[in-house]
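Novice: For reference, the structure I am asking about is given below.
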């Protein structure tokens, strides 16, 4: 098997941590791959936002955002809110321009029905960031009903194709599933070389991309059902993840963050106008109201 596909380097952003590189050289590919969530190539003072944080946010993220408090699309059992969490859509982020130094969007872009707005909003609120999605090849042979896009990194340019249906490669999918059923070892091989089937894309200042079929209508996409996640990870893995978040997150800093200074009103677009009274938020510019309970800011 060849080395994983190269990620186009962005000046100042090392693709992998030193531990990841050494583990890969020693043959521990799966372990190296799992450590990518601990790798965020920014300084300690950088303010980091994670989009679509779900039930397993990156430890380094200071502020989280998710569109749904409960959704069957999430494979984790519950939404994590151990630091400021904003409930809002990625296509219309409720943050002021340039509020963050870095934004992470891992396995979120492929869910979007409006990738132009999604990517535009990321570049508006952050100076740089990291995107991770299934590779278009993997999405074609192993599609998900709630994935709307196929994404490829062509040497520093994201090429995005809107899916005409959730399962555009029907015959290929049937062959792939039959292969998995006959040869379970094939699945283990795919898990070991997961990086070869994943787009990992760093960007700075702007996100270079092209939509190959902008006129494609995504009318086949159903509304996201509300409900608990599938709780795919076992209890030991969830405990390990919680422990790593506790050890590696900037817990003290996150608790002290002035989140209201980062927000803008989704109605009038004015920044810094939110006022809080108990669990009620009100925009001083247009009287738009929202709510806040603990770390959770509900702006939808």
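Novice: I'd like to know if the stretch 232-240 contains one or more residues that are within 30 Å of residue 153 (Cα to Cα) and surrounded by 16 or more Cβ atoms within 10 Å (Cβ to Cβ). Show your work before the answer.
Specialist: Going through the stretch 232-240, the residues within 30 Å of residue 153 (Cα to Cα) turn out to be 232-233.
Checking the rest, the ones that are also surrounded by 16 or more Cβ atoms within 10 Å (Cβ to Cβ) come to 233.
Among the residues of the stretch 232-240, at least one is within 30 Å of residue 153 (Cα to Cα) and surrounded by 16 or more Cβ atoms within 10 Å (Cβ to Cβ), which makes the answer yes.
Novice: Scan the stretch 70-82 and tell me whether some residue there is surrounded by 18 or more Cβ atoms within 10 Å (Cβ to Cβ) and not in a loop (DSSP other than H, G, I, E, B).
Specialist: Looking through the stretch 70-82, none of the residues is surrounded by 18 or more Cβ atoms within 10 Å (Cβ to Cβ) and not in a loop (DSSP other than H, G, I, E, B).
Novice: Working only within the stretch 262-300, note down all residues that are touching a residue at least 60 places away in the same chain (Cβ under 8 Å) and within 24 Å of the chain's Cα centre (by Cα). Reasoning before the result, please.
Specialist: If we filter the stretch 262-300 for residues that are touching a residue at least 60 places away in the same chain (Cβ under 8 Å), which is where we start, we get 262-266, 271-272, 294-300.
Listed by number, the residues that qualify are 262, 263, 264, 265, 266, 294, 295, 296, 297, 298, 299, 300.
Novice: I want to confirm something. Restricting to the stretch 215-231 and keeping residues that are loosely packed, with under 11 Cβ neighbours inside 10 Å and modelled with pLDDT of 80 or more, which single residue is farthest from residue 160 (Cα to Cα)?
Specialist: Looking at residues that are loosely packed, with under 11 Cβ neighbours inside 10 Å and modelled with pLDDT of 80 or more, I get 222.
For (1) without any contact (Cβ under 8 Å) to a residue 60 or more places away in the chain; (2) under 14 Å from residue 212 (Cβ atoms); (3) outside the structural domain of residue 107 (by TED's automatic domain parsing); (4) in contact with a strand residue (DSSP E or B) (Cβ under 8 Å, 6 or more places away or on another chain), each residue gets a yes or a no:
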| site | (1), (2), (3), (4) |
| --- | --- |
| 159 | yes, yes, no, yes |
| 176 | yes, no, no, no |
| 188 | yes, no, no, no |
| 192 | no, no, no, no |
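The values are calculated or read from the model by the stated rules, or taken from the named source; none is laboratory data. Quick caveat: nothing in here was measured; it's all calculated off a predicted structure. Using ideal geometry, Cβ is built from the backbone for each residue, glycine included, and neighbour counts are taken over all protein chains shown.
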